[in-house]
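Reading through the structure tokens given below for one structure.
The values are calculated or read from the model by the stated rules, or taken from the named source; none is laboratory data. Only a predicted model underlies this, so the values are computations on that prediction, with no experimental measurement involved. So basically every Cβ, Gly included, is an ideal-geometry build from the backbone, and we count neighbours across all protein chains shown.
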Amino acid sequence: MPKPIADNVWILCDEDKEKSEGGIVIPQMVPKEFEIKPSDISRGLVLEIGSEWKTKDGFPVSPRTQKGRPVLFRAFSGQFVERGGKKYALVPEEQILAYDD
């Protein structure tokens, strides 16, 4: 499993894909506007947290996110990777919007 650096978080994405009646996966469309809609938010489980958390001034800080917590994050904010048939996201911690316990 990759170990994120700086304030990045490695998230296992939920597989909540829309399907048609015939079982065809309907892809998400990139929004034309930047406002947040329910479809612009993804859900996932935090697997790893970066180890070098610092403020803009270079002072060390503790991460606000915790491993093992389900979170909601901006769907178009990170880098997405598929490994072993699962979808993962590498997201800056500031793009995590809420815990989804």
- line: A careful count of residues in the range 43-84 that are closer than 17 Å to Glu15 by Cα and at pLDDT below 90 gives 4
- request: Collect the residues in the range 85-97 that are in contact with an Asp or Glu (Cβ under 9 Å, 6 or more places away or on another chain) and either closer than 12 Å to Leu12 by Cβ or among the small types (Gly, Ala, Ser) (or both), keeping them in residue-number order.
  value: Lys86, Lys87, Tyr88
- prompt: Of all the residues that make up the range 82-93, how many are in contact (Cβ under 8 Å) with a residue 40 or more places away in the chain and closer than 25 Å to Glu52 by Cβ?
  reply: 6
field: Total residues in the range 41-81, condition free of Cβ contacts under 8 Å to residues at least 24 places away in the same chain, among the charged types (D, E, K, R) and under 18 Å from Pro2 (Cβ atoms)
entry: 1
Those residues of the range 49-91 which are over 8 Å from the mean Cα position of the chain (by Cα), surrounded by 13 or more Cβ atoms within 10 Å (Cβ to Cβ), in a strand (DSSP E or B) and of a type outside the set (A, V, I, L, M), in sequence order: Pro70, Phe80, Lys87
